[in-house]
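K.L.:
Have a look at this one.
Derivation of every value follows stated rules applied to the coordinates shown; laboratory data play no part. All of these numbers come straight from a predicted model, not from anything done at the bench. Reconstructed Cβ throughout: ideal geometry from the backbone, glycine too, with neighbour counts over all protein chains shown.
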């Protein structure tokens, strides 16, 4: 008897949450938008999925696909959001939401990018997608946001290499340290960490008893940080402390 009552409760209790087939697709879409506005993301997703299941290939389906991605994105479920945005960009190339979906994919990968000391797969993916976006939409309204995000992501990759170099320095492994530092100079030359990288390269040469190479690096690169008094003073201090003439 208890089992029967429980079954009836489940049936009627759940039935109220089922989609109302008497409502039009436009009404279901509006319900989804209302849920999205109120940040009830689960119900929004249910509504948008219903519209997609009934209205694929219609304008309603187009809207539902984009806002399904938005419902995941705004709920910080970035990988699920990427899947839905990519469904739109693959199937609905003429959608008015195409460009924003492409941008959101970039943002989603960027938000999934972890701190520099973790694996940077999502960071690299975000940069790749941002660059593709810039190539395809050079006049986009999102350009300034993208440039800022790319600077932050590039700094993170540079920082990871920098800390790897510092670790090698602590182990007296100066050649591998310089390899890490030089990768930064090659790949991330426009990041704010470059001055510190030059300091560490010179320091590694001095600690490696290669004073001539330290001087050569300083003379070849001093014009790149000549206006940075802090970096210049750090480098001159290294030479002074090790009795290396720089004139």
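K.L.:
On a full-extension model of 0.36 nm per residue, what is the gain between residue 147 and residue 23, subtracting their alpha-carbon distance, rounded to one decimal in nm?
P.N.:
40.2 nm
K.L.:
Moving to a separate point now. Can you tell me what percent of all Cα-Cα pairs in the stretch 26-134 are more than 17 Å apart?
P.N.:
53 percent
K.L.:
Against the longest alpha carbon principal axis of the chain, how many degrees, from 0 to 90 and to the nearest 10, is the axis of helix 25-37 turned?
P.N.:
That works out to roughly 40 degrees.
K.L.:
Here's another thing I want to ask about it. Using the 10 angstrom Cβ neighbour count as an exposure proxy, how do 99, 241 rank, fewest first? Working shown, then result.
P.N.:
Values: 99 16, 241 9.
The most exposed by this proxy come first: 241, 99.
K.L.:
Further, regarding this structure: What does the extension gain come out to for residue 192 and residue 220, with contour length at 0.36 nm per residue minus their alpha carbon separation?
P.N.:
Length gained, residue 192 through residue 220: 8.1 nm.
K.L.:
Tell me the angle of helix 143-170 to the major Cα principal axis of the chain, expressed in degrees between 0 and 90 and rounded to the nearest ten.
P.N.:
It works out to around 50 degrees.
K.L.:
Normalised by the residues of the chain, what does the relative contact order come to in percent, with Cα pairs under 8 Å and at least six apart?
P.N.:
Value for the chain: 8 percent.
K.L.:
Report the calculated FRET efficiency for residue 86 and residue 182 (r = Cβ-Cβ distance, R0 = 25 Å), to the nearest 0.05.
P.N.:
That pair, residue 86 with residue 182, gives E of 0.10.
K.L.:
Moving on to the next point. In the set (1) 0.96; (2) 1.54; (3) 1.05, which value of Cα Rg over 2.2 N^0.38 Å was calculated from the structure you see?
P.N.:
Matching the structure shown: (2).
K.L.:
Relative to the first principal axis of the alpha-carbon coordinates of the chain, what is the inclination of helix 121-136, with its axis defined by its Cα atoms, in degrees from 0 to 90 and to the nearest 10?
P.N.:
Long axis of 121-136 versus the principal axis of the chain: about 80 degrees.
K.L.:
I've got another one for you. Highest mean first, what order results for 209-221, 43-55 on Cβ atoms within 10 Å?
P.N.:
43-55, 209-221
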